[in-house]
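Worksheet: one structure, shown below.
Every number in this text was worked out from the coordinates using simple rules, so none of it is lab data. What you see is a predicted model; the values in this text were computed from it and never measured. Here the Cβ is made from the backbone with ideal geometry for all residues, glycine too, and neighbour counts use every protein chain on show.
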Amino acid sequence: MGIVDGQPLSRAGLRAIVESQHQLSVVAEGEPRRAISMVRNARPDVLVAHFTHGFESASLIHHLRTLIPPPAILVIAEYVTESAIRHLLARDIGGILVRHSATQHLPWAVPAVAGRGRALSPEIARAVIGEYVSPSQVSDQQHSARQMVSELSPREKEVLHLIGEGLSNRVIAEVLNISPETVKDHVRAVFTKLRAGNRVHAARVAWEAEREVHLTRNSEHSTIDRLAGSAAPAERQGSTATLNR
């Protein structure tokens, strides 16, 4: 297997956990920017990729899918939202683990993903199952928001999600591996289709459409924080309302 992580100390920790299991071995490791060349050269069966935000893995996953054969991918994230979970699973990713509990789940998750199964942290699995089995109560406002968001292209949806995370155009360009000017074009298209006058308004529409479940770590354990009745992500972070940000 291979390990992708921006921090050498974190890579060493992941490697120690994996290699403590006799049936697992690490053939390559490196930073995200070296991931594609690393996979081409070492050909790991499984790639474990650690990111702060789950959505940051989108660009890497896209490029890994162009390899033949592509490795099975297990994402470890510090922070992941329901829409990011849906986005990753729709791209046939092998699994998603929440960082604070990943150490106890890696020993079974890596073999499961290597066998082309799926591996989800219990917190994520509960959210996915809850979304599947719970009856949906959709207001007119939420229905309208979902209708507008459905008209966005896949790339525009990615940009909208990252706007909602409070990221600037420059950072969005880095995450998606596209130019800032292309991001600006996507942001303009998002504003038009959502009838939004600024980034906060666009984020609010996305929040209304998704009613996201946030999986985060508190002082002792993971919590599921349903945002109904709270401020949208970009509002909480005090995002500025500019197209060129």
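Rounded to whole numbers, the Karplus 3J(HN,Hα) couplings from phi for the range 191-202 are 4, 5, 5, 8, 6, 9, x, 7, 5, 5, 4, 4 Hz, using 6.51 cos²θ - 1.76 cosθ + 1.60 with θ = phi - 60°, and x at Gly and Pro.
With the Cα gyration tensor of the range 103-191 giving a ≥ b ≥ c as the square roots of its eigenvalues, does the rule (a/c under 1.5 for rounded; else a/b larger than b/c for prolate; else oblate) give rounded, prolate or oblate? The shape class here is oblate. Which net charge results when you count Lys and Arg as +1 and Asp and Glu as -1 among the other residues whose beta-carbon is under 13 Å from that of His50? Local charge sum for His50: -2. With the highest mean first, a sort of the peptides 165-173, 5-13 on other beta-carbon atoms found within 10 angstrom per residue produces 165-173, 5-13. The amide H of Ala28, built 1.01 Å from its N in the peptide plane, has Ile3 as neighbours under 5 Å, considering only residues 5 or more places off or on other chains. Assuming a ≥ b ≥ c are the square roots of the Cα gyration tensor eigenvalues, decide whether the range 1-149 counts as rounded (a/c under 1.5), prolate (otherwise, with a/b larger than b/c) or oblate. Prolate, since a/c reaches 1.5 and a/b exceeds b/c.
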